[in-house]
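Undergrad: The structure that follows is given in the form of structure tokens.
Read the figures in this text as sums done on the coordinates, not as results from a lab. The structure presented is a predicted model; accordingly, all values stated were derived computationally and were not measured. Cβ coordinates were reconstructed from backbone atoms using ideal geometry, including for glycine residues, and neighbour counts include every protein chain displayed.
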Amino acid sequence: MSTFLDILKKYWGYDDFRGIQREIIESISSGHDTLGLMPTGGGKSITFQVPALAQEGVCIVITPLVALMKDQVQALRRRRIKAAAIHSDMSYDEILKTLENAVFGAVKLLYVSPERLSSELFRAKLRHMKVSFICVDEAHCISQWGYDFRPSYLTIADIRRDLPQCPVLALTATATPEVMRDIQDKLSPHGQWPPFNVFRMSFERKNLAYMVRNVMDKDEQLVHLLNEVPGTAIVYARSRQRTKEVAEMLTRAGLSATFFHAGLDQAEKDRRQRDWQADRTRIIVATNAFGMGIDKPDVRLVVHIDCPDSIEAYFQEAGRAGRDGGKAYAVLLYNGSDERKIRKRVSETWPEKDYIRKVYDHLAYFYQVGVGSGYNAIFEFPIDKFCRTYGHFPLLVESALKILHRAGYVEYREEEDCRARVMFCLERDDLYLLRGNQPEEDKVIVALLRNYSGLFVDYRFIDEALIAEETGLTMPELYVVLKGLSQKRVLNFIPQKRSPYVRYMQRREDSENLLFPPEVYDDLKRRYVERIEAILAYANDERHCRSRLLLRYFGENNSNDCGICDVCAARTDTLYTDDELRQAHDQIMELLSDGCTHDIHQLHHINLPYEAIEQALEQLIKEEAVIDDDGLLSM
């Protein structure tokens, strides 16, 4: 083990391993298939990076997020470790060069997105690599029983067949016992491999107080929490539009906030993330697109303003608080409308089979694909136009396409990122004749030539954020300059765009013949409903320790009460006398007696403790004496 400790000390400066890192490293280095379950912040990356450096050959690291991949490669290179990645932002030549470097031993850790595993180029080069072992990060994505199943992960089994002597290390921070079994099964095709060595760290976080606040006015409670708990915060919201609305509300309340979601361009996402990580922005309001791989240990507060649809998602996102070991809070804001909304997600995520068949037919009409044709055809998918043409809702169409994907009919890739591309129209000598006329154009041309080769013979992907930084231009200013150069025929500029794609995985069938076996539809729908029931049970449970409930879900049954969650703290400051509750009840009914709809904020004018008003309102809603329509109250 001294070799591993020497590597740890040399590259990371640590004197010893922590938790189960040592056991995992010894297991994978001995050639055993290994499954490691480690909570967020448990040091997963050390468990594959250290043994990769200790062994001959290259370690193949399969991870789903391009941004995380880039961050880890950059961090390793800063430590003078030979690391590289291949992903969708790279050109064919860049991918080929990287793979050849791996073949010739110039790479110790090669990061790969799961979609790349099926590429003929990757498979051909892989056969010539000396591979030390395969690491599968976010391994729960391989399980159809998990909350974040990704079909592309199933191709890992094919890689194992190509490299039968290479052990595999599977790592995850969220897996129920059922998912743990499924991970091992999927990574051991046909039972050819011996059982995995399984190492598990407790998911208990003694510094993290889990709380559920049952409140009617979530905005007011969120502002209150952020004013009470100092330090960096993340607020998770359900939709892109909601992140923007909440961030604007917080800004109006005098708090430093921005929003983040997958629809922002990469440069803008990078800027907002950097500002938040550097404490220039205190609060980031985000969808679940934010957080994985974020290295910011001093987050003091994570708030879910909308209820997630699984305990796995909640636990992973909440776990981004307090990774430095200091006191932190994870708060779920919840009320009666959440249950209605979350149950509605079942029909939105699992539309009826006849509806899925209808979407399949309309897709064929849209692209004019006849029965028996279309195999492997790829189409850009303008979902808004498709929905307008056939009268569909985008959410239902996306759900139908994902089910068709699982069933093997149509592959659906959401918002495939295509970076901006540039190719010069003029010869190099002609460029110099243009210099001096427009200083900003000169700066951009020089920056392009300095950073990219081959621009005179073919299109090259460019990093607009890098060019903007080097030229001192903002991203909108750079866009205008590049468009201007394109109009002058100095260069051809293809702007970055994000667009979904569909690919026919087999010839088009008559929709009546489409089959949706239980493992593709019924079983997964049942499991989805079970996950929703579990998060609702957690939110509505006011008797059991929050931490203990979460740990039991993941199979830890010997945990103790945490002593710091809202249930354990057993606060009594929200218990009111019958007289106070009766007064609150009467004044709410008096306000609503005019038969009109009233905004929930109007309850602030009632001269009673607001917690008493909330308690009375909750009871009235349960009794169906008052209707709450997303913050609009009526009788």
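Undergrad: What number, in percent, do you get for the relative contact order of the range 246-329 if the mean sequence gap of Cα pairs under 8 Å and at least 6 apart is divided by its residue count?
TA: Working: 91 pairs, mean separation 21.4, N = 84.
Contact order relative to length: 26 percent.
Undergrad: Translational diffusion coefficient, Stokes-Einstein: compute it for the range 488-550 using the Kirkwood radius over C-alpha pairs as Rh, at 25 °C and 0.890 mPa s, and state it as an integer in µm² s⁻¹.
TA: Working: Rh = 17.7 Å.
Diffusion coefficient, whole number: 139 µm²/s.
Undergrad: How far is helix 475-487 tilted off the main Cα axis of the chain, in degrees rounded to 10, range 0 to 90?
TA: With both axes taken from Cα atoms, the answer is about 40 degrees.
Undergrad: Another question, if that's okay. With axes computed from alpha carbons, what is the tilt in degrees of helix 610-622 against the longest principal axis of the chain, rounded to the nearest 10 within 0 to 90?
TA: Helix 610-622 and the main axis of the chain meet at about 90 degrees.
Undergrad: Quick one: Kirkwood hydrodynamic radius for the chain, alpha-carbon pairs, angstrom, one decimal?
TA: On the way: mean 1/r = 0.0365 Å⁻¹.
So the Kirkwood estimate lands at 27.4 Å.
Undergrad: Express in whole angstrom the spacing between the alpha-carbon centres of the range 32-82 and the range 440-478.
TA: Centre-to-centre (Cα) distance: 31 Å.
Undergrad: When a footprinting reagent is the concern and you count Cβ atoms within 10 Å, what order do GLU533, GLU441, GLU120 take, fewest first? Mind showing how you got there, number by number?
TA: Values: GLU533 12, GLU441 19, GLU120 7.
Placing the least packed residue first, the sequence is GLU120, GLU533, GLU441.
Undergrad: When a footprinting reagent is the concern and you count Cβ atoms within 10 Å, what order do THR597, THR47 take, fewest first?
TA: Working: THR597 12, THR47 27.
Fewest to most other Cβ atoms nearby, the residues stand as THR597, THR47.
Undergrad: If you don't mind, there's one more thing I want to ask. Per 5 Å bin, what percent of the C-alpha pairs of the range 2-200 does each bin hold, from zero upward?
TA: So the P(r) values, bin by bin, are 1, 8, 17, 21, 23, 16, 10, 4, 0.
Undergrad: Taking 2.2 N^0.38 Å as the expected size of a compact globular protein, what ratio does the Cα radius of gyration of the range 435-557 give against it, to two decimals?
TA: On the way: Rg = 27.4 Å, N = 123, 2.2 N^0.38 = 13.7 Å.
It is 2.00.
Undergrad: Using Cβ counts within 10 Å as a stand-in for footprinting exposure, how do ARG238, ARG150, ARG543 rank, fewest first?
TA: Working: ARG238 19, ARG150 16, ARG543 6.
If I rank by nearby Cβ atoms, fewest first, I get ARG543, ARG150, ARG238.
Undergrad: Rg and Dmax of the range 5-106, using alpha carbons, in Å: what are they?
TA: Cα-based Rg and Dmax for the range 5-106 come out at 14.4, 42 Å.
Undergrad: Now for a different question. Equivalent ellipsoid semi-axes for the range 421-495, as square roots of 5 times the alpha carbon gyration tensor eigenvalues: give them largest first, rounded to whole Å.
TA: Details: eigenvalues 54, 41, 27 Å².
Calculated on Cα positions only, the semi-axes equal 16, 14, 12 Å.
Undergrad: Over the chain, what is the relative contact order in whole percent, taking alpha-carbon pairs under 8 Å and six or more residues apart?
TA: Details: 1002 pairs, mean separation 79.0, N = 635.
The value is 12 percent.
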